[in-house]
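Quick note: the coordinates plus some simple rules give every number you see, no bench work behind them. All values derive from a computational prediction rather than experimental measurement. Here Cβ is always computed from backbone atoms with ideal geometry, including for glycine, and neighbour counts include all displayed protein chains.
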Amino acid sequence: MFGHGRANAELKCDIADVSPGWVRVPPENETCRTRILATMEMLEFRHRREVFRLDEIIDHMVELGSPYTVATIRATILSSMCVEARAGNRTVYADLERVRRGHYRLRRSALAR
């Protein structure tokens with residue numbers, strides 16, 4: 001389905017792999033949300049486009065050895081980070097916008113924080 005059965009890959013990053021504005025969050029301050037934001041920025045830089053499928057975002061995080069489960073990444077994107085998400089009993093950030101079903105774009109205001 002998404003190829004999540006493979007072992008986590010060792011994080012290998014070349015300076016050309018990240019955008020000039022990308023800043024690595026120290027591990028003690030990293031959350032699933034901050035890792036997703038960094039992943040979206042890396043994907044934009046590498047692929048020169050703004051819209052990504054949910055499975056592309058998840059696959060990239062898994063390939064980089066994310067400590068977060070697929071379910072946690074998916075839930076964070078769908079219920080906490082998407083501007084269209086309902087608040088319910090959790091905080092909703094306006095980091096991503098749903099372009100169409102299963103396709104998301106990083107909102108520019110998310111990077112300004």
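Couple of notes before you dig in:
- In this rough spin-label picture, where each label sits 7 Å from Cα along the Cβ direction, the E50-R86 distance is 2.9 nm.
- Other residues within the sphere of radius under 12 Å centred on the Cβ of A85, judged by their own Cβ, net out at 0 (K and R +1, D and E -1).
- Computed Kirkwood radius, in angstrom, where 1/r is averaged over Cα pairs of the stretch 26-109: 12.9
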